[in-house]
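*Asks:* Mind looking over this structure? Questions follow.
Derivation of every value follows stated rules applied to the coordinates shown; laboratory data play no part. All figures in this text were calculated on a predicted structure; none of them were measured in a lab. A quick note on method: Cβ atoms are made from the backbone with ideal geometry, for glycine too, and the neighbour counts reach across all protein chains shown.
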Amino acid sequence: MSAVVPMPDRTSPRGRVAAEVRAEMARARLSGNRLGKLTGKSQAYWWRRLSGETPFDVDDLSTVADLLGVEVVTFFGVERRNPRPDGPDGGSTVGHPVGCRCDACARRDSNPQPSDP
């Protein structure tokens, strides 16, 4: 007889963070078993966190983020705000996580001003 794994509650902060961590792990093709081996913690330890049964602590999130090569804020689904409220979009939400290196998130003042002839 197989055990039925309940779906985590994605409406709670704990559940949303767990879902983001699982998604990043899936993108990196990192299993819970492999995560346990890499961190020295049991697969059961990680399962409780990945299922939302137990909340992640900051150290766990940092460990997983380092292994996946992402920033911890990735797991919170946070949108980045334009740091310059006087910018062309008035500081509106960009929609990319902090640290995103896409062209849309390039620094707005990275282009030097033309010099006078």
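*Asks:* Select from the stretch 37-49 the residues that are part of a helix (DSSP H, G or I) and either farther than 23 Å from ASP9 by Cα or touching a residue at least 40 places away in the same chain (Cβ under 8 Å) (or both) and list them in ascending order.
*Replies:* LYS37, LEU38, THR39
*Asks:* So, one more: Looking only at the stretch 22-36, which residues are assigned to a helix (DSSP H, G or I) and surrounded by 12 or more Cβ atoms within 10 Å (Cβ to Cβ)?
*Replies:* If the condition is that a residue be assigned to a helix (DSSP H, G or I) and surrounded by 12 or more Cβ atoms within 10 Å (Cβ to Cβ), then ARG22, ALA23, GLU24, MET25, GLY32, ASN33, ARG34, LEU35, GLY36 are the ones that fit.
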